[in-house]
Amino acid sequence: MRKVFLFFVFLFGFYFVTSTITQGDLVAQEKVDKKEKDRKGKSSEKEDTKKKSKQIGPAKIDMPKPEEKEVSRDELADKKRDEAIKMLKDIITRFEKGPKKADVMFQLAELYWEKAKYVYFQEMYEYEKKLDECNKKTKDMSVCEKIKINTRQSELYRKQALDIYEKIIKEYPDYPRKDEVLFILGYNLYEMGRKNDGVKYYWELIKKYPQSKYAPDAYLSLGEHFFNNNEVFKAVQAYEKALTFNDPKITVVALYKLAWCDYNLGEYEKGIDKLKRVIEMSQKESDKTKIKLEREAMNDLALFFSQVDAVDEAKDYWEKVAGRQRLKDLLKLLAKVYDDQGKFDQAIKVYRLAINEFPNAPECPEFQSNIVQNYKKLNNTEMVKKEIRRLVDLYKPNSPWANQNADNKFALEKAYELTEEALRDIVQEYHREAQKTKDVKTYALARDIYKEYLDNFPKSEHAYTMRFFYAEILWALQDYENAAINYELVVKTDPKGKYSVTAAYNRVLAYEKMVEIMEKGQKAETLKEGKVDEKKSKGAVKRVEKFIKLEKGKTYEKKEIPKIELELAKACDEFTQLAPNHKEFFAVKFKAATIYYKYNHFDEASKRFGEFIEKFPDNKFALGAADMILNSYEIKEDWASLFFWADKFLKIKPLASQKDPAEKGKLYKDHLQEVVEGAAFNIIIDMQKKGKVLDAAVAFRDYVEKYPQSKHTDKALNNAHILYAEAKYIDKAIEAATLLINKFQKSEYYEPTLYKLGYYYEKIADFENSSKYYEIYFDKIKKKTKEAGDAIYNAALFREALGDLKGAINNYQTYIKAFPTNKDVIQVQMKIARIYDEMKDYEKAKAIYKGIVSKPKDVSIADAIEAQYEIAMIYKKLGQIPAYEKELQALLKMAEKLKKGDASEKTFYYIANARFLLTDSAFNSYMALKLQLPESTMRKQLKEKTEKLDKLVKEYTAILQMGQGDVGIAALCRIGMIYQDFTKTLLEAPIPKNLNDEEREIYVAELQNMAFPVEEKAIEAYEKSLAKSYELTIYNEYSRIAQERLDGYKPGSYPDLPETRYVAKEYFYGQLFYPSLVAKVEEPVKKEVKAEEKKEVKESKEGESEGGTKGGEGEENAEPEGNEKTPEE
């Protein structure tokens, strides 16, 4: 039973260990190391590289370790492991001392070891988690570096495992796996820092188990121990002993270590041979460790070869064994080794060799720079200069090398940095030499190198300073143009820089020098030889003392400014902008303004004079500068600019409060105020001339509010209401016009504005006020002009429309009395007659009409026909039908006398309608005629109805051909009604009583056959009537009848007629007079502003208003003239 139990324990332990293995455990520490390296950043990588290059010992090769099983980090596996540990701990107490107990102890130690690893993984996980959280919270790596890993728990489990292994050694000296236990203890104790204990166990393993598979590993570990403790000979013995086992994994490592022993013993050639063997053996294998060892051995050869100065041998061997791709890095490593050893000649040789072998390699600029540095270390000045020039020529931007490496940003940046620094050092050295010697040729050499530097490195951090020094040399060599250009570039590079203000001022001086040379007719020449003092003062800007006066009556067109003077002006501007508080600001600003004024660029000049005035309003030149600005814009009639500057000067109290030299006893502000008001008015006039009607109207109205005391206020109000009306803002026009007649009753615009008010109220259908102002205007105006007639005539119309019939009659009679010879007097008389008609005072109305008809010599035939028509209508209203028809017949008699051109469409309407009205009796007689039995009577009636039908159709057709749309629609409808009635008469005809049923059916069918063609004619007539109605958009009573009848035939086939809109009395809407604009938009007097005296200019052009606007400008074109009255429809 006991044996079975032990077998179960061993089986469980084996199952646990094998079932919980995962690959993740092997790479856990590697991941942590990588993460830590990434966190520390590239700086640490550079440090590692630096340390590597200085390595004088062998690379750290992982020594053989005890065989390790993968440990699962799964919580369930760990739980099973804990259960196994607990079980084994319990089982051990039940075993007696012996081999089986030793096995159980070994298993328990292994489980503790695995537990230690598992716990270590958890400790690392928590550590990484804290690091990640820290990195998210802060960019300060020093904070995160304070976080430490806590491995206390895993160390406890590890110690427990080692304690059990040591106990096995002590209590079971003959344990079969003792060699393995010894190696485990030796390795782990050594790693834990208990090196002597570790070495002790290694020696015990070797002595007691010389043929153990762990023996070569022990020898290798001992050799490492001796080597690290500078016991080289002991190390050699241990490594050579490890070789005797002929284990391939051990052999290559031992050989590598022996090579380093040779190096430490000074046996460099032997060491080289051993490293070559290591490389040869490693290249035959694909094992990662050997690949790493091959790489380290190849690199280590650089140190070995350096000791015997075997540069060519090293190059040949590396090229053959490592290949071209690795040769460059190995040569670089060898050169660095020579650098560290102080063998500068050899380092130069190797760098030169690398450049020659790989001329386009990204590292070539660095190689060449190292050559320069090594010559510096050798104190070889001539070669330093030569190699610097070579460095710049070969690797500067846009060189062949740079083009080859265009895609390698890092290499280009490095080359840029190296070449820039080298060229900067050399040009500064030449500049210092030039300053000492003052030799022009040395300055020229420094100038050329400065140019080369700036051409190649225009954006370097030192370019600003270098360009300033370059400009200074150009000035010293009297190359003023290029000096000015580079002074400008200095400022643009860094306006707030150390030299920027000086550079900006020197630029002004340089261009001033060039202008001086130009004015003298000389040619600028650069110094070629001799001596020059770079530090000599450049002088100051020349002062401007005189003003340029503009002459009245001359035209001042812009002239092209010579290039040099334009550049001088620009330089002045940029200087004053950069240094507003500089002591030379006044002189420089005035110089720029004067240049622009001199060539008639008044806008640019004014801007600069204005800035000067703002900064120095009390200066003796301020008032003169202000007058120059105002004069220039008045001569140009640039009202906006004139207003801007005058208004601006008004706000500068120290300037405005000075005495006006041109107007004794007045201050300058009085003159400025007049200029402001006149300029403001003319700005609005220009606006109106450009067609901005509404904007101009608003501006004129605002002008009145802003300048209520101006002499232009009434003109502004006049123009405002006219333009508001033109823009269809009648309410605004009324407001402005009302203000004008209330405040300016003595203004020349008073009476015209009364007339306009009447018109404005007419436009908004306020006929009460319209009549009122037309009547006031008629009463006020002395000369009864055409406009006066229009006014009283319109007032009459509106009184009539408002129902003030007596007032209308009074105004019409006033019109006739004032204008008895006007052609429209007869029409006005008829209007009075119509009013009496409307008042049902038919006798008075009839008397007026008959009076018109009775004067055939004085009255046109058209007017006579119209009056005759109205007489007939009066008789109809009185119910005197015979008289009514008699008057209509008389009208038709008059019509026979009409000649071509005697009548209008309205006259033909009266004729056509009279003819139509005269058909009523015949039409009604026809419609009343019905068929009755007996048959003989019915035949007579049918014949009679047919004859009447033919006559009516012919008459209506004749009326239709007269071309009067309204009457024509009625005639067509009547034709339809006639045919429809005939159809109905047939279909409703009585049936003779003597017919049998069959005969009755035949009789009815025959009547239907007769009726249907007639019915089609009725439909056709109705459709034509309706179509003509739509065509002419005339909808009357007969249009409705035609539509209703057609809807009876074909329901829904014909759309409803539009709703008839309300139409006011034809005599109201048909006869309005549209007054023309009497008032004109006015301009103010243009006030000429001079530098010394100011006078008002009298306008001499006949036909112009006081403000200069010609007759007709400002009038509302949309309104017809007063004599274009529309005849009554």
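Within region 536-548, the presence of a residue that is at pLDDT below 90, over 30 Å from residue 637 (Cβ atoms), of a type in the set (Asp, Glu) and touching a helix residue (DSSP H, G or I) at 6+ places or on another chain (Cβ under 7 Å) is excluded.
A residue that is touching a Gly at 6+ places or on another chain (Cβ under 8 Å) and either closer than 29 Å to residue 870 by Cβ or modelled with pLDDT under 90 (or both) cannot be found anywhere in region 751-766.
Let's see how each residue does on (1) buried (at least 18 other Cβ atoms within 10 Å of the Cβ); (2) under 28 Å from residue 654 (Cα atoms):
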{"residue": "527", "(1), (2)": "no, no"}
{"residue": "560", "(1), (2)": "no, no"}
{"residue": "589", "(1), (2)": "yes, yes"}
{"residue": "594", "(1), (2)": "yes, yes"}
{"residue": "606", "(1), (2)": "yes, yes"}
{"residue": "614", "(1), (2)": "no, yes"}
{"residue": "618", "(1), (2)": "no, yes"}
{"residue": "629", "(1), (2)": "yes, yes"}
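Of all the residues in region 233-266, those that are crowded, with 16+ Cβ neighbours inside 10 Å, at pLDDT 90 or above and closer than 19 Å to residue 304 by Cα number 13. Kindly check whether there is at least one residue in region 609-616 that is more than 26 Å from residue 660 (Cα to Cα) and of a type in the set (A, V, I, L, M). No, region 609-616 contains no residue that is more than 26 Å from residue 660 (Cα to Cα) and of a type in the set (A, V, I, L, M). For residue 564, the test of being on the phi < 0 side of the Ramachandran plot, surrounded by fewer than 22 Cβ atoms within 10 Å (Cβ to Cβ) and assigned to a helix (DSSP H, G or I) is passed.
Within the group 259, 254, 314, which residue is within 30 Å of residue 369 (Cβ to Cβ) and not β-branched (Val, Ile, Thr)?
Numbers: 259 fails: within 30 Å of residue 369 (Cβ to Cβ); 254 fails: within 30 Å of residue 369 (Cβ to Cβ).
Just one listed residue meets the conditions, 314.
Taking the condition without any contact (Cβ under 8 Å) to a residue 24 or more places away in the chain and out of contact with any helix residue (DSSP H, G or I) (no Cβ under 8 Å at 6 or more places or on another chain), does residue 234 pass? Judged against the criteria, residue 234 is not a match.
Take residue 957 and tell me if it is in the same structural domain as residue 884 (by TED's automatic domain parsing) and polar (S, T, N, Q). In short, no.
Criterion first (surrounded by fewer than 16 Cβ atoms within 10 Å (Cβ to Cβ), within 58 Å of the chain's Cα centre (by Cα) and modelled with pLDDT of 85 or more) does residue 1033 satisfy it? Answer is yes for this residue.
Conditions (1) outside any helix (DSSP H, G or I); (2) over 38 Å from the mean Cα position of the chain (by Cα); (3) polar (S, T, N, Q); (4) at positive phi, marked per residue:
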{"residue": "434", "(1), (2), (3), (4)": "no, yes, no, no"}
{"residue": "451", "(1), (2), (3), (4)": "no, yes, no, no"}
{"residue": "465", "(1), (2), (3), (4)": "no, no, yes, no"}
{"residue": "475", "(1), (2), (3), (4)": "no, yes, no, no"}
{"residue": "484", "(1), (2), (3), (4)": "no, no, no, no"}
{"residue": "492", "(1), (2), (3), (4)": "no, no, no, no"}
{"residue": "511", "(1), (2), (3), (4)": "no, yes, no, no"}
{"residue": "523", "(1), (2), (3), (4)": "yes, yes, no, no"}
{"residue": "527", "(1), (2), (3), (4)": "yes, yes, no, no"}
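Looking across 329, 316, 312, 273, one residue alone is surrounded by fewer than 18 Cβ atoms within 10 Å (Cβ to Cβ), modelled with pLDDT of 90 or more and under 60 Å from the mean Cα position of the chain (by Cα). It is 329.
Quick check, is residue 135 out of contact with any strand residue (DSSP E or B) (no Cβ under 9 Å at 6 or more places or on another chain), surrounded by 12 or more Cβ atoms within 10 Å (Cβ to Cβ) and polar (S, T, N, Q)? So residue 135 fits the description; yes.
Among the residues of region 562-581, the one identified as closer than 23 Å to residue 655 by Cα and over 36 Å from the mean Cα position of the chain (by Cα) is 581. Taking residues in region 809-838 that are more than 23 Å from residue 869 (Cβ to Cβ), and partners anywhere that are among the small types (Gly, Ala, Ser), the pairs with Cβ atoms closer than 6 Å and at least 6 places apart or on different chains are 811/795; 811/796; 819/789.
Can you pull out the residues in region 209-224 that are in a helix (DSSP H, G or I) and closer than 15 Å to residue 184 by Cβ? Within region 209-224, 215, 217, 218, 221 qualify. Out of 958, 928, 1005, 989, one residue alone is crowded, with 17+ Cβ neighbours inside 10 Å, without any contact (Cβ under 8 Å) to a residue 60 or more places away in the chain and among the small types (Gly, Ala, Ser). It is 989. Taking region 276-309 as the range and being surrounded by fewer than 21 Cβ atoms within 10 Å (Cβ to Cβ) and of a type in the set (Val, Ile, Thr) as the test, the residues that pass are 289, 291, 308. Consider region 711-742 and keep the residues that are part of a loop (DSSP other than H, G, I, E, B) and free of Cβ contacts under 8 Å to residues at least 40 places away in the same chain. The one that is surrounded by the fewest Cβ atoms within 10 Å (Cβ to Cβ) is 728.
The values are calculated or read from the model by the stated rules, or taken from the named source; none is laboratory data. Predicted, not measured: the structure shown is a model, and the values here were computed from it. We place every Cβ from the backbone using ideal geometry, glycine too, and count neighbours over all the protein chains shown.
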